[in-house]
1. Go through (1) of a type in the set (Ser, Thr, Tyr); (2) touching a residue at least 12 places away in the same chain (Cβ under 8 Å); (3) surrounded by fewer than 21 Cβ atoms within 10 Å (Cβ to Cβ) and name the single condition TYR160 misses.
2. What are the residues in the stretch 117-142 that are farther than 24 Å from GLU265 by Cβ and surrounded by fewer than 22 Cβ atoms within 10 Å (Cβ to Cβ), if any?
3. Among the candidates PHE262, PHE253, single out the residue that is touching a Pro at 6+ places or on another chain (Cβ under 6 Å) and either more than 22 Å from ARG191 (Cα to Cα) or without any contact (Cβ under 8 Å) to a residue 12 or more places away in the chain (or both).
4. For the condition farther than 19 Å from LYS203 by Cα, free of Cβ contacts under 8 Å to residues at least 24 places away in the same chain, polar (S, T, N, Q) and touching a helix residue (DSSP H, G or I) at 6+ places or on another chain (Cβ under 7 Å), what is the one hit in THR33, THR66, THR80?
5. Please return the ranges of helices (runs of 4 or more DSSP H) entirely within the stretch 208-290 where 3 or more residues are surrounded by 20 or more Cβ atoms within 10 Å (Cβ to Cβ).
6. Could you run through the stretch 24-75 and say how many residues are surrounded by fewer than 22 Cβ atoms within 10 Å (Cβ to Cβ), touching a Leu at 6+ places or on another chain (Cβ under 8 Å), outside any helix (DSSP H, G or I) and not aliphatic (A, V, I, L, M)?
7. Of the residues in the stretch 13-23, how many are closer than 19 Å to HIS79 by Cβ and assigned to a loop (DSSP other than H, G, I, E, B)?
8. Here's a check for you: in the stretch 13-48, which residue that is farther than 22 Å from CYS214 by Cβ and at pLDDT below 90 is nearest to the chain's Cα centre (by Cα)?
Amino acid sequence: MSAVTSRSEIPVPEHPIAPFLRMDRIPHIWCPTCGIGTVVKCFATALEGSALDLDKVAIVSGIGCTGRVAGYMKLDAFHTTHGRAIPFATGLKLGRPELQVTVFSGDGDLSGIGGNHFIHAARRNIDLMVVLVNNFIYAMTGGQNAPTTPLTARSSTMPYGNFEYPFNLPRLAATCGATYVARWTCLHIRRLTKSFSEALHRKGFRFIEVITPCATLYSRLNRLGTGLDLMRFYHDHAEIRHGADLRDLEIAFQDRIVCGKFLDEERPTFSEMKDAHYGKVLGDRYRPMPPEGGWIHA
């Protein structure tokens, strides 16, 4: 008689993105039907096909639901203070220019509390890839109104509906100086993964907005059903319009969401401008940061 193999002896194949995650911290704490996990999967898949040295890839995040991403990715990471992900990332990039630095955080963290850092990093064209996960609300801290909450949508601080105009984030990023600007929902799996792959191989301030549902607060406060209902709505009401007029990208409450790649251009980065300027002004007296980073010795 042949031996019977128990289920415990059957090898379980490793998930393709497991090498990119800190598996000792799984399962994650995100709510069911939250889209952040899907966004992380797309990012890991992009890294898998990028041929980048993962020892030279770093991820920086702030506080909030999306801020947890840095703790789950098996990369060198900073989990920074609220709203300060971009300045931390800027310091890291300037001190270690050989690193591929990605900022991964939420709409409240990056466009609200960290909004000033966002616009000036784009203006300077700091060489960062910035992924902003937008669920239209401060989801971890109580459901407060955010800079992205659509007009008339309810939040815990505006229970009768929002009357403040929200940011059009792709337009804001492009106007301030970003070189790559795109927007997708978390259900545009292949398109989002491709966008991550493209941005990883560009330089300058690259901005990708990802629309995701918040079932725990935004959906409940606005009586929009489950997170899965919201996912389907966002996906089904997405219009893919590459190169769309940036003025047409505003998001109204439960209305169309224009997605696509809106900007992809080359422009000298902050570091390149700095080296060119001081090389011209100071000549041989100026020593630029070596590509491998570290201290500059006289």
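1. The failed condition is (2).
2. MET140, THR141, GLY142
3. On inspection, the qualifying residue turns out to be PHE253.
4. The conditions single out THR80.
5. Answer list for the stretch 208-290: 227-236.
6. 3
7. 1
8. So the residue we want is ILE17.
The values are calculated or read from the model by the stated rules, or taken from the named source; none is laboratory data. From a predicted model like this one, the values you see are computed outputs, not experimental measurements. Glycine also receives a Cβ, built like all others from the backbone with ideal geometry; neighbour counts cover every protein chain displayed.
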